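J.: Pasting in a structure now, in C-alpha cells, and then I'll have a few things to ask.
The values are calculated or read from the model by the stated rules, or taken from the named source; none is laboratory data. All figures in this text were calculated on a predicted structure; none of them were measured in a lab. Because the Cβ atoms are built from the backbone with ideal geometry, glycine has one as well, and the counts that use them run over all protein chains shown. The protein model used for the area step is the full one, side chains on, heavy atoms only, and it has no ligands, DNA or RNA in it. Shrake-Rupley method; radii C 1.70, N 1.55, O 1.52, S 1.80 Å.
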Amino acid sequence: MGFRNKQWPWFAILARTGREKNATLLLENAGYECYLPVSKFTRRWSDRVKEVEVPLFPGYLFCRMNPHNRLPVLMTPGVIQIVGVGRTPIPVEEEEIAAIQRVGKSGLPTMPWPYLEVGQVVTIEEGPLCGLAGIVLKIKSGLKLVLSVSLLQRSVAVEIDRTWISNTHGAARSSSMESQANRSMAIPVSPRHSDAAKGSLGEAAEAD
C-alpha cells in the first residue's frame, strides 16, 4: 500500500462539549474521515416534536489521521487535543470503532453506559448485530450489549433481544491484561478542564 493511499488509524479527538458536531464537519470538509457516534431520541415541546441527536461519547469524536501531521487537526475550531500519553497520540482499536459503527447502523436504541471491563461476554448469533461480541447485562427491561472504547474508558449499551444469543453464562474479561497494561497510561482530559487543556494545546502546536 502506497503512502498516499495509507489508511491511518482512528484517534480520539477531545472537543469542546457541544461543539463535537461542528468540529466533525470542519474536519470532514478538510478531507479527514471522521466518526461521531450519536444517540437519537424524540424530544417534545409544547408546540412541536423533534428528533434530537446527542453524542454517545460527550466531548469526543474519532478521526483517521496521520499522527505525525496533527497540527491541522489541533488548529480546527472546537478541537482541544488528541487523546494520548503526553504529546504522543494513541490510536483507538479498529475493532472497537467497527463495533460501535455496527450498532449505529442497526438503528437499535443505544445510550452511554458506565465503563465495564469484566462481565459475561457473548457473541450475538442472530439479528442485526449478528457476529458482534460484547458484555451482556440483564436488567429489568431485558438485555443490553455493552461495548467499550478502552482508551477513553467509556462504554455504550444497546438493547438486544434475548433470542439473539443462546447462552449468557460464563464470565470472561472483555479485554486482555496486555491491552489494559498498554493503555493504562492514556488519560483523556475531561471537557470540564477544557481551558487548561487549550493552554497545553497551544504549547503542543508550537512544538509541532
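J.: Taking a probe of 1.4 Å, how large is the accessible area per residue of region 10-93, in Å²?
T.: Per residue, region 10-93 has an accessible area of 52 Å².
J.: Here's something else I'd like to know. Can you order the peptides 13-20, 34-41 by their average number of other Cβ atoms within 10 Å per residue, highest first?
T.: 13-20, 34-41
J.: Given the convex hull over the Cα atoms of region 56-131, what projected area results after averaging over all orientations, in nm²?
T.: Average projection, Cα convex hull of region 56-131: 6.9 nm².
J.: Going from most exposed to least, what order do TYR60, TYR115 have by accessible area with a 1.4 Å probe?
T.: I get TYR115, TYR60, largest accessible area first.
J.: With the cut-off at 1.5 for a/c, could you classify region 95-143 from its C-alpha gyration tensor as rounded, prolate or oblate?
T.: Working: a/c = 1.29, a/b = 1.24, b/c = 1.04.
The shape class here is rounded.
J.: Can you give the log10 of the normalised intensity I(q)/I(0) at q = 0.15 Å⁻¹, computed with Debye over equal Cα scatterers of region 1-82?
T.: Debye curve over Cα of region 1-82, log10 I(q)/I(0) at q = 0.15 Å⁻¹: -0.57.
J.: Per residue, how large is the accessible surface of region 95-139? Use a 1.4 angstrom probe and give square angstrom.
T.: 52 Å²
J.: Tally up the carbon and sulfur contribution to the accessible surface of region 7-107 as a whole percent, 1.4 Å probe, everything protein left in place. Each step should come with its number before you reach the end.
T.: Numbers: 2660 of 5360 Å².
With neighbouring chains kept in place, the figure for region 7-107 is 50 percent.
J.: Report, in whole Å, the centroid distance computed from the Cα atoms of region 88-122 and region 144-161.
T.: 5 Å
J.: Classify region 1-156 as rounded, prolate or oblate, taking a ≥ b ≥ c as the square roots of the eigenvalues of its Cα gyration tensor: rounded when a/c is under 1.5, otherwise prolate if a/b is larger than b/c and oblate if not. The partial results should precede the final answer.
T.: Values: a/c = 1.93, a/b = 1.30, b/c = 1.48.
Oblate, because a/c is 1.5 or more while a/b does not exceed b/c.
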